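Worksheet: the structure to be examined is printed underneath.
The values are calculated or read from the model by the stated rules, or taken from the named source; none is laboratory data. All of these numbers come straight from a predicted model, not from anything done at the bench. Here the Cβ positions follow ideal geometry from the backbone for every residue, glycine too, while neighbour counts run over all protein chains shown.
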Amino acid sequence: MKLLENKIALITGASRGIGEAIAVKFAEHGANVAFTYLSSDEKAKALEQKLAAFGVKAKAYKSDAGDYAASETLASEVVKEFGKIDICVNNAGISRDNLLLRLTPEQWDDVMQANLKSVYNLTRQVIKPMMKARSGSIINLSSVVGVRGNAGQSSYAASKAGIIGFTKSMAQEVGSRNIRCNAIAPGFIETDMTHYLKDGGAEQWFEKIPLHRFGKPEEIANVALFLASDMSSYVSGQVINACGGMTT
Ligand code: NAP
């Protein structure tokens, strides 16, 4: 059964990793997909073709999620091209890990802009067409690190904790218009972002994860599919931890 037939989804940062897996999962379930990336032109082109092979409409947009004006342009171009936005996944994100005494103001600002301001930027745009349609699902990628913190990741943790506060506020602000807003807090997922952890000895991390392994991007995409579809029609303002049990 296809869960997103005729839905329009906008996903940020889908040229790689979790965003790519979400785009593929959504297309597999019949959604037309607009997605963004920052610099991976070839990967974005290849993904466009991969998604179109599912018989859906797919279009890549090179757009910096941290740039407010670019997000405004993006949302209006997507509405023009696709007609509406039913689902928005704020996935684009970066990490600049460092102990606080070494963390530069530039590193702090880069993370806040790409991870947190980006969520404000695009959500502010997409709720307009969603309010008009009196329907919508917004899904924000937080992190287990935003829930419980992590030494050496203060900027990343703060940005991801900020996303949780934003998500809960949005759910309360736009719920009366039938717009739902939820967050996913993944644990360690096998993508470029966590590659360095594996090099540093994955076993030491597995000790802290009850399922004793890193997650796969597809396992996060399954949670996103649930939150995007009508299967979660009475779920809003929630943070779903998909972390192999790390937060228990
Ligand atoms: P990733 O493999 O590093 O991929 C990041 C994606 O975001 C790429 O498509 C990149 O585009 C795009 N991107 C980065 N900055 C952008 C910007 N300013 N504007 C537009 N696109 C931008 O990351 P990931 O591991 O899939 O993570 C995806 C999300 O999940 C992030 O928000 C991350 O914080 C969160 N998360 C990840 C993990 C994990 O263990 N991997 C755990 C918890 C939460 P380019 O290819 O063009 O650079």
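Which residues, taken from the range 160-178, are crowded, with 23+ Cβ neighbours inside 10 Å and either under 14 Å from SER142 (Cα atoms) or in contact with an Asp or Glu (Cβ under 9 Å, 6 or more places away or on another chain) (or both)?
Taking the range 160-178 as the starting set, the residues that turn out to be crowded, with 23+ Cβ neighbours inside 10 Å are 160, 163, 167, 170.
Passing the criteria: LYS160, ILE163, THR167.
Wholly within the range 1-96, which strands (runs of 3 or more DSSP E) include no fewer than the required count, namely at least 1 residues that are among the aromatic types (Phe, Trp, Tyr), on the phi < 0 side of the Ramachandran plot and surrounded by fewer than 23 Cβ atoms within 10 Å (Cβ to Cβ)? Walk me through it before giving the result.
Working: elements: 8-11, 32-37, 58-62, 87-90.
Because the criterion is at least 1 residues that are among the aromatic types (Phe, Trp, Tyr), on the phi < 0 side of the Ramachandran plot and surrounded by fewer than 23 Cβ atoms within 10 Å (Cβ to Cβ), the strands (runs of 3 or more DSSP E) in the range 1-96 that meet it are 58-62.
Quick one: ALA46 ticks every box in (1) in contact with a strand residue (DSSP E or B) (Cβ under 7 Å, 6 or more places away or on another chain); (2) within 15 Å of the ligand (Cβ to nearest atom); (3) farther than 21 Å from ASN90 by Cβ bar one, so which box is it?
Failing condition for ALA46: (1).
Quickly run through the range 198-221 and pick out the residues that are within 21 Å of the chain's Cα centre (by Cα) and hydrophobic (A, V, I, L, M, F, W, C). Break it down stepwise before answering.
Pass one, the range 198-221, residues within 21 Å of the chain's Cα centre (by Cα): 214-221.
Within the range 198-221, PHE214, ILE220, ALA221 meet the criteria.
At positive phi and either within 14 Å of the ligand (Cβ to nearest atom) or at pLDDT 95 or above (or both), is that true of GLY146?
Answer is no for this residue.
How many of the residues making up the range 222-242 are assigned to a helix (DSSP H, G or I), in contact (Cβ under 8 Å) with a residue 60 or more places away in the chain, within 14 Å of the chain's Cα centre (by Cα) and buried (at least 16 other Cβ atoms within 10 Å of the Cβ)? It would help to see each step written out before you state the result.
Initial filter on the range 222-242 (assigned to a helix (DSSP H, G or I)): 222-228, 230-232.
Within this subset, residues satisfying the condition of being in contact (Cβ under 8 Å) with a residue 60 or more places away in the chain are 222, 224-225, 227-228, 230-232.
Filter once more, so that each one left must be within 14 Å of the chain's Cα centre (by Cα): 222, 224-225, 227-228.
From the residues that got through so far, the ones that are buried (at least 16 other Cβ atoms within 10 Å of the Cβ) too are 224-225, 227-228.
Going through the range 222-242 one residue at a time, the tally reaches 4.
Regarding the range 118-137, can at least one residue be identified that is β-branched (Val, Ile, Thr), in contact with a Gly (Cβ under 6 Å, 6 or more places away or on another chain), within 12 Å of the ligand (Cβ to nearest atom) and in a helix (DSSP H, G or I)? It would help to see each step written out before you state the result.
The first filter runs over the range 118-137 and keeps only residues β-branched (Val, Ile, Thr), leaving 119, 123, 126-127.
Then keep just the ones that are in contact with a Gly (Cβ under 6 Å, 6 or more places away or on another chain); that gives none.
No, the range 118-137 has no match at all.
All but one of (1) within 16 Å of the ligand (Cβ to nearest atom); (2) within 19 Å of LYS25 (Cβ to Cβ); (3) in a helix (DSSP H, G or I) hold for ILE184; state the number of the condition that does not hold.
(3)
Taking ILE22 as meeting all but one of (1) more than 13 Å from the ligand (Cβ to nearest atom); (2) within 23 Å of GLN125 (Cβ to Cβ), write down the number of the exception.
(1)
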